1. Starting from the Cα-Cα distance between SER82 and ASP4, subtract it from 0.36 nm times their residue separation and give me the gain in nm to one decimal.
2. For the range 1-57, what is the convex hull volume of its Cα atoms per residue in Å³?
3. Longest span of the chain, sites excluded, free of chymotrypsin sites (Phe, Trp or Tyr not before Pro) in DSSP loop with at most 16 other C-beta atoms within 10 Å?
4. Taking amide hydrogens as modeled 1.01 Å from N in the peptide plane, which residues meet the under 5 Å criterion relative to ASN90, leaving out close sequence neighbours?
5. Give, in nm to one decimal, the length gained when the segment between LYS117 and LYS67 is fully stretched (0.36 nm per residue of separation minus the Cα-Cα distance).
6. If you wrap a convex hull around the C-alpha atoms of the chain and split its volume per residue, what is the figure in Å³?
7. Read phi for every residue in the range 42-49 and hand back ³J(HN,Hα) as whole Hz from Karplus 6.51 cos²θ - 1.76 cosθ + 1.60, θ = phi - 60°, with x for Gly and Pro.
8. Work out the count of Lys pairs in the chain where the Cα-Cα distance is under 21 Å, with the pair 8 or more places apart or on different chains.
Amino acid sequence: MVADAGEVIIYAPHITDSYTHGEILSQIGYHLRDYFLKQWHKFQEYPAGVLAHSTHLKGMGTFDPIKGEQARICVTLATGISAERCAAHNLNYRHPATIQVTEWANREDEGILLLPKAGEILYRLSYSNFQVTKS
């Protein structure tokens, strides 16, 4: 679990686009669940799966029409996606060249967790939950 006001950095310099939902995400961006629910009239025609994907990345938080979104955590992309595009999608940006992965290892006592190949782990966990077995 990420601490309140903590940051998740997704380091994947090889990613340059969202090929699955790219066009729709460029229209809606990444937001908290309440951002969509409290403005449902604007988003009700979008595919529910894309809205869910958007909220899964941003995590928990609140939305108020005056104060805006108050995210519990900060999500930063260190990918091949430009800083301008990250900002347009409501995500933070960090140039991947500024990250030396080995400097992040073994720092759990400082509150820093490096999780190598996290995307592959999540994929395997998700996929294993949906496998059909023959009786």
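Each reported figure results from applying straightforward, stated rules to the coordinates on display, with no laboratory input. Computed from a prediction, not measured in an experiment: that's the story for all the values here. Here Cβ is always computed from backbone atoms with ideal geometry, including for glycine, and neighbour counts include all displayed protein chains.
1. Working: separation 78, 0.36 × 78 = 28.08 nm, distance 2.66 nm.
Separation in residues times 0.36 nm, less the Cα-Cα distance, equals 25.4 nm.
2. Working: hull volume 6.0 nm³, N = 57.
Each residue corresponds to 104 Å³ of Cα convex hull volume.
3. After excluding every exposed loop site, the longest remaining stretch is 20-129.
4. Close amide H contacts, sequence-distant or interchain: TYR30.
5. Length gained between LYS117 and LYS67: 14.4 nm.
6. Numbers: hull volume 21.8 nm³, N = 135.
Here the figure is 162 Å³ per residue.
7. In residue order, the calculated couplings are 7, 10, 4, 8, 7, x, 4, x Hz.
8. Details: LYS38/LYS58; LYS38/LYS67; LYS42/LYS58; LYS42/LYS67; LYS58/LYS67; LYS58/LYS117.
Going through the chain pair by pair, I get 6.
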